[in-house]
Amino acid sequence: MTYLDDFEFFGNTNKVHGFIDSLKSGNSLFSLVISYTETCEIPGITFAGADKNSIKFTPPADAEYLYYGYCKTIDQIPMTPDGKPTPALLTKTALESCSIPHIVINAGSKISPQLPFIQTGLSHGRNISIESAMSYSQVSQAVDYGRMVGRNLAFMTDCLIIGESIPGGTTTALAVLLGLGFKAKVSSSIPNNPIELKNEIVNLALERLTSKDPFHVLSEVGDPMIAFVSGMLSSASEITKVMLAGGTQMAAVLAFASKIGFNEQNTAIGTTSYISDDNNANFKSLVTEIADIPGITVNPGLKNSKFSGLKAFSQGFVKEGAGAGGSIIASMIKTGNDSNHFLTLAEKEYHRLFTSL
C-alpha cells in the first residue's frame with residue numbers, strides 16, 4: 001500500500017501530477033488565514049468551540065497551537081462542547097512530519113494570536129442573518145490585501161498551501177455559493193448538519209441581494225476570509241502552484257475567485273474524504289462545476305484510531321478545518337508515508353495533549 005491508495009482524484013485529473021511534483025520538491029509553504037463571522041454566534045450553527053463565548057478564541061488558539069503545541073489565549077486547545085479536538089491537531093501533525101514551514105495571517109479575527117503573524121487590519125464579518133457582512137469597500141480592501149500577501153508568499157515557494165480557521169464559515173460559504181449562482185449543498189462540523197437552520201439564515205441573507213455583482217454578493221452574505229483568500233489565490237496562482245486546503249469554505253473561495261480571475265493551471269483543492277464522502281454535501285461536483293482544476297481528497301485513516309476523539313472525525317464530527325486535508329496530502333506526498341503512518345503520529349500527538357490536561 002502507498003499513500004496514493006489513500007487519495008482520490010477528481011475534476012481535471014490531468015493536472016494532478018504537476019501538483020504532486022511541486023509537493024515532492026519539499027519547498028512548500030503553509031499559510032493559515034484566521035478570521036471571524038458573527039454568524040457563528042447563532043445558537044446551533046457550529047461546534048467550533050466549547051460554548052458561545054469561547055468561539056471567538058478558536059481561530060487564534062488554532063494558530064497558537066500550530067506554533068507552540070499549546071494555546072495562550074485560552075487554557076486548552078479548541079474543542080467541541082463534548083471534548084473533540086480541533087482539526088488543527090491533524091494539521092500540526094502533518095506539517096511537523098514533513099518539515100513544511102507555516103505562517104499565520106489575521107484577516108478579520110476578533111482576537112489576535114499571541115505570536116508573530118501578518119496583520120491585515122481587516123474587520124471581522126457581521127451576522128448575515130440580520131445585516132450585511134461587510135461594506136462593498138471592505139470586500140475590495142480584503143481582496144486587494146489578499147493579492148498583496150499572496151504575491152509575496154508565492155515567490156517563496158513551489159506550492160503555497162492555504163488553510164483557514166473561521167467558525168461558522170460553512171454557513172457564509174453556502175450563502176456565497178448560492179448568491180453566485182451555484183447549486184451548493186455544504187458540510188457541517190456537526191454530524192446532524194443543521195440544514196434547516198442554515199437555509200433559514202442563508203435565505204434571510206440572500207433576500208438583501210440586489211445585483212449579481214460578486215463584490216455585492218460577498219458584502220451582503222459572505223465573510224472576510226473568502227474575500228482575502230480569493231485575493232491570495234488570484235495573485236499567487238500567477239506565480240506558483242496553490243493548493244486550497246479545505247472543503248466547503250474553500251469551494252466558496254474558488255467560486256468568488258472564478259469571478260475575479262485566477263490561474264486554473266496552477267490551482268488545486270485538497271481536503272479530507274470526510275468532506276467528499278458527506279452525503280449532505282456535493283463537494284466534488286460543486287468544485288468541478290466552478291473551475292477546471294484538480295481535486296485531491298485524502299482518507300487519514302482515523303476510523304482505525306484507538307482514541308474516540310480522533311475516530312470522531314470519521315463519524316461526521318468536524319471533518320475538516322485549519323487546512324487539515326491539504327496538509328495531510330502535502331505531508332504524504334513529501335514523505336511517501338501512508339495513512340497508517342500518519343495515524344500513528346496523530347495518536348502520539350493526541351496522547352501528548354490529553355495526558356497533559
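Check the range 19-36 and report whether any residue there is without any contact (Cβ under 8 Å) to a residue 40 or more places away in the chain, within 26 Å of Met225 (Cβ to Cβ) and part of a loop (DSSP other than H, G, I, E, B).
No.
If you check Ser234, Ser230, which single one turns out to be touching a Phe, Trp or Tyr at 6+ places or on another chain (Cβ under 6 Å), assigned to a helix (DSSP H, G or I) and closer than 22 Å to Lys183 by Cβ?
Unique residue meeting the criteria: Ser230.
Any chance the range 55-71 includes a residue that's over 25 Å from Thr272 (Cβ atoms) and of a type in the set (S, T, N, Q)?
no
Across the range 2-30, which residue is modelled with the lowest pLDDT among those that are hydroxyl-bearing (Ser, Thr, Tyr) and crowded, with 18+ Cβ neighbours inside 10 Å?
The selected residue is Tyr3.
The values are calculated or read from the model by the stated rules, or taken from the named source; none is laboratory data. What you see is a predicted model; the values in this text were computed from it and never measured. For neighbour counting, all protein chains shown are included, and Cβ atoms are generated from backbone atoms with ideal geometry for every residue, glycine included.
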